[in-house]
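These notes are about the structure you will find just below.
Any read-out appearing in this document is the output of simple, stated calculations on the displayed coordinates, not a laboratory observation. The model shown is predicted, which means the values in this text are computed figures rather than measured ones. Heads up, the Cβs are rebuilt from the backbone with ideal geometry, glycines too, and the neighbour counts pull from every protein chain shown.
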Amino acid sequence: MARHFGYTLGGGPSSAIKYRLVIGYDKPRMGRSDSKKMRKHRGFSLIELLIVVAIILIIAAIAIPNLLRARIAANEASAVASVRTINTAQISYNSTYPTVGYAAALSNLAGTCTGTVVPTSAGACLIDTVLGAGTKSGYSFSNTGTTTGYSAWTNPVSVNRTGVRSFCSVADAVVRSNSASLATCAGTESPLQ
C-alpha cells in the first residue's frame with residue numbers, strides 16, 4: 001500500500017492547488033488469473049493456426065485448377081508453334097535437297113551443326129535437337145515424308161494433364177487440330193482457329 005501526504009499551494013480556497021506526494025508505492029501482486037492472461041498473449045493458439053492453414057488450403061484449392069489449365073494452354077501453344085516450325089523446316093529441307101524431297105523423320109530435320117559440321121540431308125540442322133528427339137513441352141511429335149509430301153503430327157504425352165488436343169499439318173502448311181489422338185495427318189482435320 002502507498003501512503004499519501006497532501007499539501008496545498010496558493011493563496012486562498014479558490015486558487016488552492018492540491019499536490020499529493022506518494023511514498024513507498026508497492027506493486028500489486030499478480031494472481032493466478034493475471035498470469036494466465038499474460039500467457040495467453042505470448043503466441044497463437046492451436047485453433048488460430050488451424051484456421052490460417054484452412055484458409056491457405058482453400059485458396060490453394062481454388063488456384064491449382066487454374067494453374068493446370070494455364071499450363072495445358074501453354075503446352076498447346078508450344079505444340080502449335082513446334083508444328084509450324086516443322087512446316088517451315090520441311091519446306092526449307094525440300095528446297096535444299098530437292099532430289100530427296102521432304103524429310104522422312106524429325107531427326108533428318110535436326111542435327112548439331114557447328115562451324116565445322118556441315119548440314120546434310122541426314123542432319124539438316126533446321127530444328128532444335130529437343131524437337132528433333134520427338135518430345136517437347138508435354139507433347140510427342142512424329143513426322144513422315146516422301147518426295148511428294150509430308151505429314152507432321154503431335155499428341156499430348158498425358159491426355160488432360162499435358163494437353164487436351166492433338167495437332168497436325170501436311171504440305172499445305174495449315175495447322176489442324178483434333179480432340180482424338182492422331183497416328184498420322186490426313187489433311188482433312190479441322191483447321192486451327
Return the sequence-ordered ³J(HN,Hα) values of segment 161-172 in whole Hz as given by the Karplus equation 6.51 cos²θ - 1.76 cosθ + 1.60 applied to θ = phi - 60°, using x for Gly and Pro.
10, 9, x, 10, 10, 9, 10, 7, 7, 10, 5, 6
Around Leu192, which amide H atoms from residues at least 5 apart in sequence, or from another chain, sit under 5 Å from its own amide H, with H modelled in the peptide plane?
Val175, Arg176, Ser177
What is the calculated FRET efficiency for Ala183 to Ile91, with r their C-beta to C-beta distance and R₀ = 25 Å, to the nearest 0.05?
0.60
Would you mind pulling out the separation of the Cα centroids of segment 91-115 and segment 133-172, in Å?
17 Å
Could you list which residues have their amide H under 5 Å from that of Gly163, counting only those 5 or more apart in sequence or on another chain, with H placed in the peptide plane?
Ser158
